[in-house]
Structure formats: structure tokens, C-alpha cells
1. Restricting to Cα atoms and excluding each atom paired with itself, what does the Kirkwood estimate give for the range 56-112 in Å?
2. With the contact rule set at Cα under 8 Å and sequence spacing of 6 or more, what percent relative contact order holds for the range 56-112?
3. Scan around Leu59 for amide H atoms under 5 Å from its own, H built in the peptide plane at 1.01 Å from N, and keep only partners 5 or more places away or cross-chain.
4. Can you list which of the trypsin sites (Lys or Arg not before Pro) found in the range 54-105 are DSSP loop residues with at most 10 other C-beta atoms within 10 Å?
Amino acid sequence: MLNRLIFLGAVLMVLIELFIPPYAYPEEIRYLSGGRRDPFQPLITKEGMVVQGFNPSDLKVEGIIFDPRKGSLVLINGDFYKQGDSVKEAKIISIFKDRVILSQNDEKKELWLREEILPQETAKEQGKDETKKI
């Protein structure tokens with residue numbers, strides 16, 4: 001009985017291999033980074049050097065508490081920062097209601113706080129439908 005099950009299992013595996021088309025297996029897998037750091041690239045080179053570099057797409061502004069009198073706070077990648085703090089290799093220069101300005105090596109970058117994209121029906125219900133009619 002056990003030998004018969006093993007034989008049937010082997011026959012089934014051979015049939016599956018014969019009838020699966022070869023194009024079902026991709027020849028090359030590509031990672032589309034969308035401007036982000038490729039997670040498959042090592043952070044340490046073969047020479048032992050740590051790869052450095054400021055990539056603003058690694059930072060996501062999740063929220064801003066804007067208070068010009070007492071000092072504003074920005075929530076970036078789950079941590080709060082104030083003006084003058086450092087995030088990765090960048091320094092926070094200014095915090096506005098809708099964006100943050102960072103500086104690294106005398107190069108300034110803006111990170112914007114974006115609203116969540118609403119579905120068309122929800123946007124119409126809330127009066128935020130900005131579609132143009134032609």
C-alpha cells in the first residue's frame with residue numbers, strides 16, 4: 001500500500017513537471033525600487049566601507065505639530081524631531097505646516113506632508129472632488 005502511494009506521488013510529480021509551461025518560470029527577477037534604496041544591495045562594500053548617502057525617499061513625514069511660539073515637532077519614520085535635530089545624515093532646518101526642510105552637505109531638501117489619497121466617491125462626499133470636467 002505504501003509503495004503504491006509513493007509510486008502514484010512520483011507519477012503525479014512527473015506529470016506536473018511535464019505540463020507546466022516553461023514560461024511560467026521567470027528567467028530574471030527585477031526589483032523596481034520606485035526611487036527607494038534597493039534592499040538587495042549591501043550597505044557595506046567589499047572593502048569594508050559603510051555605504052553612506054542621504055536619500056530623502058528613505059524618510060517619510062508622518063505628521064507635523066506646528067507651533068511657532070513653543071517650537072514645532074515633526075514625526076519622521078515614527079520618531080519626533082524638532083528644528084536643529086539630525087535625522088540620519090540630515091539636519092532639520094525648518095518645520096512648516098505642510099513640509100520640512102532638511103540640509104546635508106549644504107544641499108537642501110524638502111519633505112512634504114501629504115494627505116491620504118481618497119477614493120473618488122469619498123472625495124465627492126467630503127466636497128474635495130478636484131477632477132476637471134472637459
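1. Computed over the range 56-112, the radius equals 11.1 Å.
2. It comes to 25 percent, rounded to a whole number.
3. Sorted by chain and number, the residues that satisfy this come to none at all.
4. Passing sites in the range 54-105 are Arg69, Lys70, Lys97.
A short reminder: the numbers here are calculations on the coordinates, not readings from a lab. Since this is a predicted model, take the numbers as computed values, not measurements. Every residue, glycine among them, receives a Cβ derived from its backbone with ideal geometry; neighbour counts consider all protein chains shown.
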